[in-house]
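J.: First the structure, which I've put down as structure tokens, then a few questions once you've had a look.
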Amino acid sequence: MKSIRLFLILFTAFVQLTSCMSKQNETPIQFDHYPDFASAFVVARNVEVMLPPGYTEEKAYDVIYMHDGQNIFNPETSYAGVAWEVDKAIKELIEEEKIRPAIIVAIWNTPQRMQEYMPAKLADSVYYRAKKAGWDDDVISDDYLRFIVTELKPFIDSAYSTSPHRENTFIMGSSMGGLISLYALTEYPEVFGSAGCISTHWPALDGVFLNYVKDNLPEPGNHKIYFDFGTETLDAQYEPFQQKVDRMMEDKGFTNGKDWLTLKFEGADHSEKAWQERVHLPLMFFLGKNELINTSFF
């Protein structure tokens with residue numbers, strides 16, 4: 001009995017020591033906060049930067065710029081009290097060796113969210129003026145993108161070890177954030193290599209943005225575009241619009257599963273919780289280590 005008791009004591013001590021060493025060897029995710037990041041184009045806002053586990057200056061990293069930044073990491077700052085938890089998704093995918101590490105830049109929205117996320121090329125049309133419905137604020141999404149491209153991105157590329165090239169620069173968001181992400185790719189195809197458009201709010205202005213998409217999609221071969229949508233609440237409106245966009249992608253020459261992906265999620269609603277549950281998919285599509293990962297979604 002004494003020998004069994006001694007064995008249990010030693011085994012417990014070994015497990016505790018191994019657990020402690022394991023925790024010590026874990027590389028934490030680093031967050032840098034830039035409150036009131038100033039701009040000459042738009043109002044100041046908070047910007048958060050997530051550095052992946054094992055970040056080192058000796059390596060150059062891809063960068064993903066994400067809209068509605070307060071919803072990306074922290075439930076306490078999220079609009080609905082539920083965050084996407086992109087940091088956890090990135091960490092798990094890296095540990096599983098499914099993606100290469102990347103820096104996440106979370107750009108908080110402001111009270112001017114709608115003005116900043118509504119594609120501005122519609123602002124001069126008669127259709128847009130007819131649909132304003134009493135909303136007197138100017139659309140400033142072109143200024144918002146100038147902020148990202150000419151102010152924020154140069155700062156990130158100088159402050160961190162990034163790979164600043166198009167193929168290593170991504171932009172992503174949900175709902176209106178999906179619209180502005182695609183708009184960013186089409187307006188700055190030399191800057192952004194990929195756009196993640198999650199639960200894209202195509203019905204904005206009765207879907208008139210689709211006309212712009214048809215005329216302004218980049219040539220296939222140098223870009224990746226991810227779309228998805230659910231079937232409940234606000235997302236229930238999206239499928240007819242997304243089907244039209246999918247036909248545009250096919251007509252343009254994009255290949256579904258290679259440089260373009262559209263996914264439908266039965267029963268998924270329009271919420272941070274729903275986006276949290278599937279954010280790993282665009283991350284894998286953009287950052288996957290091999291082509292097999294792209295087709296494994298189906």
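What follows draws every value from the coordinates through simple rules; no lab data is involved. All of these numbers come straight from a predicted model, not from anything done at the bench. Please note: Cβ atoms are built from the backbone with ideal geometry, for glycine as well, and neighbour counts cover all protein chains shown.
J.: Out of region 27-122, which trypsin sites (Lys or Arg not before Pro) are coil in DSSP terms and have no more than 14 other C-beta atoms within 10 Å?
T.: Lys59
J.: Next question, about the same structure. Mind checking region 201-298 for GluC sites (Glu not before Pro) that DSSP puts in a loop (not H, G, I, E or B) and that have at most 11 other Cβ atoms within 10 Å?
T.: Answer in residue order: Glu266.
J.: What number does region 23-295 give for Rg over Rh if you use C-alpha atoms and the Kirkwood radius?
T.: Using only Cα positions, Rg/Rh for region 23-295 is 0.94.
J.: Mind scanning Lys98/Lys153; Lys88/Lys121; Lys121/Lys252; Lys91/Lys258 and naming the pairs with a C-alpha gap bigger than 28 Å?
T.: Among Lys98/Lys153; Lys88/Lys121; Lys121/Lys252; Lys91/Lys258, the Cα-Cα distance tops 28 Å for Lys88/Lys121.
J.: Tally Lys/Arg at +1 and Asp/Glu at -1 over every other residue whose Cβ is under 15 Å from the Cβ of Asp269; what's the total?
T.: Cβ neighbours under 15 Å give a net charge of -4.
J.: If you don't mind, another one. Can you work out ³J(HN,Hα) from phi for every residue in region 31-45, in order, using Karplus 6.51 cos²θ - 1.76 cosθ + 1.60 and θ = phi - 60°, giving whole Hz and x for Gly and Pro?
T.: Computed from phi, the couplings for region 31-45 are 10, 10, 10, 10, x, 6, 5, 7, 8, 7, 10, 9, 5, 5, 7 Hz.
J.: Would you order Thr262, Thr186, Thr56 from fewest to most other beta-carbon atoms within 10 Å of each residue's own beta-carbon?
T.: Thr56, Thr262, Thr186
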